[in-house]
Amino acid sequence: MNGVWQTIWQEGDLVSRGVALLLLGMSVASWVVILWKGWLLRRATRGLERAVRVFWEAPDLESARRSLSGSDPIRLVSPLLAAAQSLAQVGVGTLAAAGDRSQQLTRVLRDALHRILHRLQFGQVLLATVGSTAPFVGLLGTVWGIYHALTEIGADGRFRIEQVSGPVGEALVMTAAGLAVAIPAVLAYNVLGRQIGRIEAELEGFARDLRELLVHQQGDL
C-alpha cells in the first residue's frame, strides 16, 4: 500500500496530489474530533450523574452551588443553577422581567441548556461533512487517475492491458481511501450523537425539576 501511495505521489499531478492531501487532512481532523469527543462525552456522562446526585443531596441551593464547584468539572449542571439564580439581577420593567416566575425560569434555563448542548455538539458538523464528502473526494481522484491513464493510451496509439491495469488500479485506491476516511466519521457521528442525545435528555429532565423546585419555593415565600 505504501508503494501505491508513493507511486501516486511521484507520478501524479497537482490534482491527484491535492486529493490525497485533502483525504489525509480530513482523516486526521476527524480522528482528532473522534478521540477528543469520546473522552469528553465519557467524562460528561460520569460527571453529570455525580453532579445531579450531589445537587439533590444538598440541604439548600447555596450548599448545592458550593458542592457543584468540585463535582461538575465539565460544567453541565452548574450553568443551569447559575442561570436560574441570575434572575435576581434582572432589571424591573424590562422584557426579561415580563411574565411570571415560571416563564422567566423556563427562558433562562432553556438558554443555558442550549449553550451547554452547543459545547457538547462541537465537532459533529465536521464528522457529518467528512462522512458525506470523503467518498466523493476519493471518487474524484479515481476519475482523474483513469482519465490520465486513458489519455496516455491514446497518445501512445497502442493498447495493452498492462497500460490500463496499473494506472487504473492505482486510481481506484483513491476510492478506497475515500471510504476509509468516511466510514469511521459516519460511525462516530452516530455513536457520539446518541451519547449527546442521552446527556441532553438527562439535562432537560434536571432543568425541568429545577424549575419546578424554584417555582415551588417562590410560591412558599
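The values are calculated or read from the model by the stated rules, or taken from the named source; none is laboratory data. Here the structure is a predicted model, which means the values were calculated and not measured. Accessible surface areas use protein heavy atoms only, side chains included; no ligands, DNA or RNA. Shrake-Rupley method; radii C 1.70, N 1.55, O 1.52, S 1.80 Å.
This table checks each residue for (1) at pLDDT 90 or above; (2) assigned to a helix (DSSP H, G or I).
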site: R42; (1), (2): yes, yes
site: P59; (1), (2): no, no
site: A64; (1), (2): no, yes
site: G70; (1), (2): no, yes
site: P73; (1), (2): no, no
site: A83; (1), (2): no, yes
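Is it the case that segment 92-105 has a residue that's open to solvent by 50 Å² or more (accessible area, probe 1.4 Å), of a type in the set (S, T, Y) and either in a loop (DSSP other than H, G, I, E, B) or modelled with pLDDT of 85 or more (or both)?
yes
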